[in-house]
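A short worksheet on the structure shown next.
Every number here is computed from the coordinates shown, using simple stated rules; none is lab data. Because the structure is a prediction, the values reported are computed rather than measured. Glycine gets a Cβ as well: all are built from the backbone with ideal geometry, and neighbour counts include every protein chain shown.
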Amino acid sequence: MRRQLASVLIFGGIAISSPFAMAQTTDRNDKAQIERVIETFRAAIVNKDEEAFLRLFLKEDITWTGVTTDASIERMYANRPQPELKRPIKFFNSSPRKFINFVVKDKEKIDETITNVRIDSDGDVGQVWFDYTFVNGSYKENWGKESWQMVRTIDGWKIAGVVWSQEMNPIPRSSREGRLE
């Protein structure tokens with residue numbers, strides 16, 4: 001009886017642990033592939049590579065929405081050049097193409113640093129969440145949190161949606177304190 005119980009427990013343990021072992025291997029593979037997408041995203045910005053950047057997306061008209069922090073909105077409103085101007089909007093929509101076109105046309109070196117990356121995936125869909133800092137020239141323009149929704153296609157992982165918060169630098173661009181040294 002003990003042998004039967006031991007056999008059941010051993011084989012049961014193997015049967016139960018096998019899917020988890022396979023899932024961990026798949027997760028590591030997915031994570032590595034998604035990390036390559038993140039680095040390609042950042043490198044395409046630094047290198048002003050429109051083609052490489054646009055290949056990262058599932059389609060051109062994905063959700064691409066930025067949300068400006070309340071503190072940044074208040075600063076923009078307080079410093080508006082004409083008092084009759086409306087309060088700046090809290091969120092805005094754009095597209096990956098408009099963003100990379102801005103990057104490519106800008107004469108300054110542009111970088112987006114990405115830290116504290118968190119990736120969650122079941123092998124078919126994924127979520128990426130990270131802290132970012134957007135630097136234009138030597139000026140730290142804005143920073144915040146960024147979230148991507150991703151899907152695995154036959155061509156690899158693609159970004160299906162991008163949403164981010166942005167805290168605008170309170171130090172004007174012309175001020176030395178706003179620059180990275």
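A few remarks follow.
- Where labels lie 7 Å past Cα in the beta-carbon direction, separation of residue 28 and residue 42 in nm: 2.2 nm
- Neighbour-count ranking [beta-carbon atoms within 10 angstrom, fewest first] of 115, 40: 115, 40
- Between residue 65 and residue 120, the FRET efficiency estimated from the beta carbon spacing at R0 = 22 angstrom works out to 0.65.
- Using a Förster distance of 22 Å, the FRET efficiency for residue 76-residue 108 (Cβ separation, nearest 0.05): 0.55
- Measuring against 21 Å, Cα to Cα, the residue pairs 31/145; 31/90; 48/90; 59/98 contain 31/90; 48/90 as the ones spanning a longer distance.
- Listing 146, 84, 141, 51 from fewest to most neighbouring C-beta atoms within 10 Å gives 84, 51, 141, 146.
- Sparse packing (at most 16 other Cβ atoms within 10 Å of the Cβ) combined with a DSSP loop state is found for the following trypsin sites (Lys or Arg not before Pro) in the range 76-135: 86, 90, 107, 109.
- Whichever aspartates and glutamates have a C-alpha closer than 12 Å to that of residue 140, once near sequence neighbours (fewer than 8 apart) are set aside: 111, 112, 167, 177, 181
- When 129, 64, 157 are sorted by how many other C-beta atoms sit within 10 angstrom of their C-beta, beginning with the fewest, the order is 129, 64, 157.
- Sequence-distant aspartates and glutamates (8 or more away, or on other chains) whose Cα lies within less than 20 Å of residue 105: 49, 50, 51, 60, 141
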